[in-house]
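Accompanying notes for the structure given below.
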Amino acid sequence: MERILQQDSTALETLYDRYGRPVYSLVLRISQHPASAEEIVQDVFLQLWRSADRFQISRGPLEPWLFTMARNRALDFLRLKREKQRRREDSDSDILPAAVVRPDPEGDIDRSRRAEKIRALLSSLPETQRRAIELAFFEGLSHSEIAAATGEALGTVKSWIRGGLLRLRESLGEASS
Amino acid sequence: MNCEQLAALYEEYALGVLEGEERAELEAHLARACPTCTPGVAQARWVVAQLALAAPDAQPPASLRGKIMDAVKPSADADAARTVVAIEKPKPSAQRAMFPAWAWIAAAALALVTGYTIRQMNTQNDQLALLRKEMKLASAQNQALQNQLDTDRMVASIMLSPDSMPLKLMPTDKNMPMVHAYWHPHMGVAITADQMPAWPSARTLQLWFVPKTGKPVSIAIFHPDAAGQIALVAPVNMPRNEIAALAVTDEPAGGSPQPTTTPAWVAQVN
């Protein structure tokens, strides 16, 4: 980050090589729209370049900061798209091609281990609980929106999400301690 | 609601699903920089961000990297373009034209005026450069103060977090003060010390994680400040149960890939 603060573009290349793929995967999962995902990822890295002074290493690791920024941008896109659909009942013709989704043999080992852990944890949850967490994280829905989408009581949805997140916290806590 | 009750809501807040009174209660704690909830929510943001890794792996288009790098290089390209334009300006003809005497006098007068103007402009440019230099220095000092303030806040958050584990790095030289470390699984390792002697500028202190197996891993290099204090936060890049000890060695300025001296401070972790 120090090198990015000094506007060293090779440092940005290094960061992109390390985080470009997981950030793109996240944004594509949320947006379901490759062209938009590309624009959002570009925007996220340019934002990092322009606002490096707002992020300092003392504030914690870069990865969650990047993931959070990418998720927020992708959810903004999703909300805008939903709003347009509500107004014009438009549908996107540019659907996700299956060819772009493939395994990551060169991925960062630590990240791969965490990814496996997260996927295993989500898989171990009951289908309804997993679905509720995915709707919240990948589609940005609130408790009440999830209750409406799943037809479950608001209290049940809250309980599912809270329970799932606490398990996630415990699982990641074990991994890092 | 007290901090203990709010702790169960940190992840929901970080996920963005918390609504109504619960959200308002937690935000009130954050607004007054609550020493329990602030690091708690920071940790929850890390936990929730990990859900990103559940997204199906996808390869970004190869062209994306180039687009990003092109977008951050326009200023460099513009400088290069200006240089090219300057180089490619047509040069005046080397062949001397025939002029009458009055034209030579006028040209000499013009040259004198031009010379004077250029000298004035150079003086003004020098003054402007000096002002810019002073502004840059003031800006750097301001940034350094802000960075130190942020670091001090982070150190305080880690020290006050119930999830942090305190460690004492004992000096091998009894005349040296003790160095304290606070291990937080997500926010990092905070290192603090007082009454440190002035450290030579040609040397630096280097913090290492000593794993149970394998070579020590460099975590940070640092100097005591003018008041003999150390306050820094280093990232945690290794699970705690894989680390045998924390150690600080004295190394040449810039640090070393592996320790070159006996550790001056050591704390056993596991």
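No value in this document is a laboratory result; all are computed from the given coordinates. Small disclaimer: the values here were computed from a predicted structure and weren't measured. Cβ sites come from the backbone with ideal geometry, for glycine too, and all protein chains shown count toward neighbours.
Listing for the model above:
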| read-out | value |
| --- | --- |
| Peptide A:25-37 - average C-beta neighbours from other chains (10 Å radius) | 3 |
| Of B:T117, B:F209, B:H186, farthest towards positive along the dipole that unit charges on Lys, Arg, Asp, Glu beta carbons give the stretch B:112-223 | B:T117 |
| Highest-fluctuation residue, B:A220, B:A24, B:A181 considered, GNM on chain B with Cα pairs under 10 Å | B:A24 |
| Angstrom value of the Kirkwood radius, inverse mean 1/r, which spans all Cα pairs in the protein assembly as shown | 26.0 Å |
| Globularity index of the stretch B:191-254, i.e. its alpha-carbon radius of gyration over 2.2 N^0.38 Å | 1.19 |
| Isolated Cys residues of the protein assembly as shown, judged by Cβ distance under 4.7 Å to other cysteines | B:C3 |
| The stretch B:159-270: relative contact order in percent, alpha carbon pairs under 8 Å with at least 6 residues between | 29 percent |
| Chain B, relative contact order [Cα under 8 Å, separation at least 6], % | 14 percent |
| In Hz, Karplus ³J(HN,Hα) per residue of the stretch B:172-188 (6.51, -1.76, 1.60; θ = phi - 60°; x = Gly, Pro) | 7, 9, 5, 7, 8, x, 6, 10, 9, 10, 10, 8, 10, x, 10, 7, x |
| Highest-first arrangement of B:48-59, B:126-137, A:3-14, where packing means the average Cβ count within 10 Å | B:48-59, A:3-14, B:126-137 |
| Nonlocal amide H pairs with B:A264, under 5 Å, H built at 1.01 Å | B:V248, B:T249, B:D250 |
| Sequence ranges A:114-125, A:145-156, B:202-213, ranked by mean other-Cβ count within 10 angstrom, highest first | B:202-213, A:114-125, A:145-156 |
| Built amide H within the under 5 Å cut-off of B:V179, gap 5+ | B:L169 |
| Label-point gap, in nm, between B:L130 and B:K67 - each point 7 angstrom along Cα→Cβ | 4.9 nm |
